[in-house]
Amino acid sequence: MRREPVKPHGPCNLPCGFFFEERGMRIRRMKDVWAPSTLILVQAAFAFVVMLDGCRISPRNDSKKLEPYVPIREWKYIVVHHSATPSGNAERFDRFHREVRGWSGGLGYHFVIGNGHGSGDGEIETGPRWLAQENGAHAGITEYNQYGIGICLVGDFTDSHPTEKQMQALIALCRDLMKHCKIDADHVYGHRELPGATTDCPGKQFSMEELRKILKKE
Ligand SMILES: [Zn+2]
């Protein structure tokens, strides 16, 4: 029987086969490592996008959207403002507070209630500061920025009144916050009532006495 001559093991025989097998294993190993890692990275990226999205100003009157991401911390007051503009929304005020006021935290209020011009009539927008339970930037006094929940109604109530739907939304929101944060109706203030305030906010036509009277009723 004639034997096939043994081919000399060149650099591409055994070493190559071994190399390919080894490389295949390495590729598989890399797949094993990278596939789950990629999945985790994709999931992390998705979670990050969701988080960013959640940090954006909420556009709906969805009670779920009023729930912060962190446990509700201590709040002592609610401070009511008007925007002193005929129209607006949380995004516009956020831009103003960032670009004109230079507040890196953006929107200084915790909530904005629309009047139908710029956002829905009676629409409650939740700001990032509420979601993260951060101090507001609306009162001009540390105590009330730190412990005061800032609610801004879109409109100028120097000569006009809030819409019916805005008032309904404000009363509902105040009641909700008063209940969850254990705030008494007597601690619901208008901006102008804060010590040292030099403003008419939320406007001469807005009666804080009337609001507190309503909030005291069950
Ligand atoms: Zn104000």
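Where a number appears in this text, it was derived from the coordinates with a stated rule and is not lab data. The model shown is predicted, which means the values in this text are computed figures rather than measured ones. Methodologically, a virtual Cβ is constructed for each residue, glycine included, from the backbone with ideal geometry; neighbour enumeration extends over all protein chains shown.
Below is a table of values for the structure above.
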quantity: Relative packing of 105-115, 90-100, which averages over residues the other C-beta atoms within 10 Å, highest first; calculated: 105-115, 90-100
quantity: Extension reserve of the Glu164-Lys216 stretch, reckoned as 0.36 nm per residue once the Cα distance is removed; calculated: 16.8 nm
quantity: Cβ-based net charge around Arg175, under 14 Å, with every Lys or Arg adding one and every Asp or Glu removing one; calculated: +3
quantity: Residue (of Ala132, Leu107, Asn89) at the positive-pole extreme of the stretch 78-184, dipole from beta-carbon charges; calculated: Ala132
quantity: Inter-site label distance for Asp200 and Arg98 at 7 Å from Cα along Cβ, in nm; calculated: 3.2 nm
quantity: Net charge over other residues, Cβ less than 12 angstrom from the Cβ of Glu209 (K, R count +1; D, E count -1); calculated: 0
quantity: Residues in the stretch 73-98 that a label on Gln146 would reach, taking backbone N under 20 Å of a point 7 Å out along Cα→Cβ; calculated: 73-80
